[in-house]
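Taking it in order: structure first as structure tokens, then the write-up.
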Amino acid sequence: MKRTTLPLHAIAWIVGAFILIPIVYALIGGFKDTSQLSTNPFGLPSPWQTGNYTEVLAAGSFWRQMWNSTFIAVLTTVVTVSLSAMAAFVFARFAFRGRELLFTLFTAGLMFPFAVAILPIFVMLRTLGLIDNAWGVILVQSAFGLPLTIIILRGFFRSIPGEIEEAATLDGCSSFAFFWRILLPMARPAMATVSVLAIVGSWNNFMLPLVVFSDESSWTLPLGIQQFQGQYSSDTSRILAYLVLAMVPALGFYAVAERHLIGGLTAGATKG
């Protein structure tokens, strides 16, 4: 290892420790009872208590909230990636008056804080009858996910050589056929990247479901964690177990797709 890279490796280890230590603490804390957390907060459980995890897994509300989160995350991803792919294709492969201005308007959405828009969003959703409706969350999340997704996909689409499109056109391929049959399969790493970002962002969203859902049967896992924390405020170990189980699907999906995520971001950055 070169000396010049030692500071970078040290910083990476420090950042990794800051991320990993709270997760490990919550995981181990879920196997303790409250008295063990008070007397031995950083040591291993003695004895190991599995009841916190099994009780959460046996609760029907947990699985209902996981289904709600999964349903919303999957549909949000489908809507966001589908619309963004078509818009990014137009921005990347077509030249028309005002293209860059319109693209700038999309990118400006990255600077628009969600919290500022929460009141008009609530009024709009109430007018449209989308309160206590999963589509109220899906459509808003998709709208706020469009700017970043379009930026990533546009950079990747622009990296595809023009000769490929010319050859497809000579073979009688229309613009839509080129987009559907050739461009999208070639853009699989970038599509995986934006899909991971959309799913994880939806899974962790708390404020929007809190505003949209008043019916407990529609709650997502972040809302369930808040309710569970209030119900078992004195049982910290059970709260930690609930929190860990709620993180597992998102962490598992991210671990599986991590290679595609890094590859897609790198490709868009180096070829765009």
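The values are calculated or read from the model by the stated rules, or taken from the named source; none is laboratory data. For clarity, every value in this text was computed on a predicted model and none was experimentally measured. No Cβ is skipped: glycine too gets one built from the backbone with ideal geometry, and neighbour counts run over all protein chains shown. In case anyone asks, the SASA skips ligands and DNA or RNA and just uses the protein heavy atoms, side chains included. Shrake-Rupley method; radii C 1.70, N 1.55, O 1.52, S 1.80 Å.
Tabulated data for the structure shown
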{"read-out": "Residue list for the stretch 25-37, filter: open to solvent by 60 Å² or more (accessible area, probe 1.4 Å) and within 30 Å of the chain's Cα centre (by Cα)", "value": "Tyr25, Leu27"}
{"read-out": "Of residues in the stretch 167-186 being assigned to a helix (DSSP H, G or I) and open to solvent by less than 40 Å² (accessible area, probe 1.4 Å), the one nearest to Leu223 (Cα to Cα)", "value": "Leu184"}
{"read-out": "Qualifying residue in the stretch 99-109 (condition: among the β-branched types (Val, Ile, Thr) and open to solvent by 30 Å² or more (accessible area, probe 1.4 Å))", "value": "yes"}
{"read-out": "In the stretch 192-228, the residues that are outside any helix (DSSP H, G or I), of a type in the set (S, T, N, Q) and within 18 Å of the chain's Cα centre (by Cα)", "value": "Asn205, Thr220"}
{"read-out": "Residues that are more than 30 Å from Leu245 (Cβ to Cβ) and either open to solvent by 60 Å² or more (accessible area, probe 1.4 Å) or charged (D, E, K, R) (or both), drawn from the stretch 75-89", "value": "Leu83, Met86"}
{"read-out": "Output for the stretch 187-202, where each listed residue is among the polar types (S, T, N, Q), more than 11 Å from Val78 (Cα to Cα) and surrounded by fewer than 24 Cβ atoms within 10 Å (Cβ to Cβ)", "value": "none"}
{"read-out": "Meets criteria (open to solvent by less than 30 Å² (accessible area, probe 1.4 Å) and under 21 Å from the mean Cα position of the chain (by Cα)) for Val116", "value": "no"}
{"read-out": "Any hit, the stretch 10-22, residues being without any contact (Cβ under 8 Å) to a residue 60 or more places away in the chain, in contact with a helix residue (DSSP H, G or I) (Cβ under 8 Å, 6 or more places away or on another chain) and either open to solvent by 70 Å² or more (accessible area, probe 1.4 Å) or not aromatic (Phe, Trp, Tyr) (or both)", "value": "no"}
{"read-out": "Any hit, the stretch 66-74, residues being open to solvent by less than 70 Å² (accessible area, probe 1.4 Å) and modelled with pLDDT under 85", "value": "no"}
{"read-out": "Some residue of the stretch 54-61 being touching a residue at least 24 places away in the same chain (Cβ under 8 Å), in contact with a Lys or Arg (Cβ under 8 Å, 6 or more places away or on another chain) and surrounded by fewer than 18 Cβ atoms within 10 Å (Cβ to Cβ)", "value": "yes"}
{"read-out": "Per-region count, the stretch 221-272, residues modelled with pLDDT of 75 or more, of a type in the set (S, T, N, Q) and over 15 Å from Val56 (Cα atoms)", "value": "0"}
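Condition check ((1) in contact with a Phe, Trp or Tyr (Cβ under 7 Å, 6 or more places away or on another chain); (2) part of a helix (DSSP H, G or I); (3) under 23 Å from Pro249 (Cα atoms)) across all residues:
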| position | (1), (2), (3) |
| --- | --- |
| Leu6 | no, yes, no |
| Trp13 | no, yes, no |
| Ile23 | no, yes, yes |
| Ser35 | no, yes, no |
| Phe42 | no, no, no |
| Ser46 | no, no, no |
| Tyr53 | no, yes, yes |
| Trp63 | no, yes, yes |
| Thr76 | no, yes, yes |
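Yes/no per residue for (1) part of a helix (DSSP H, G or I); (2) among the hydroxyl-bearing types (Ser, Thr, Tyr):
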position	(1), (2)
Asn68	yes, no
Thr80	yes, yes
Arg97	no, no
Phe106	yes, no
Ile131	no, no
Leu146	yes, no
Phe156	yes, no
Glu165	yes, no
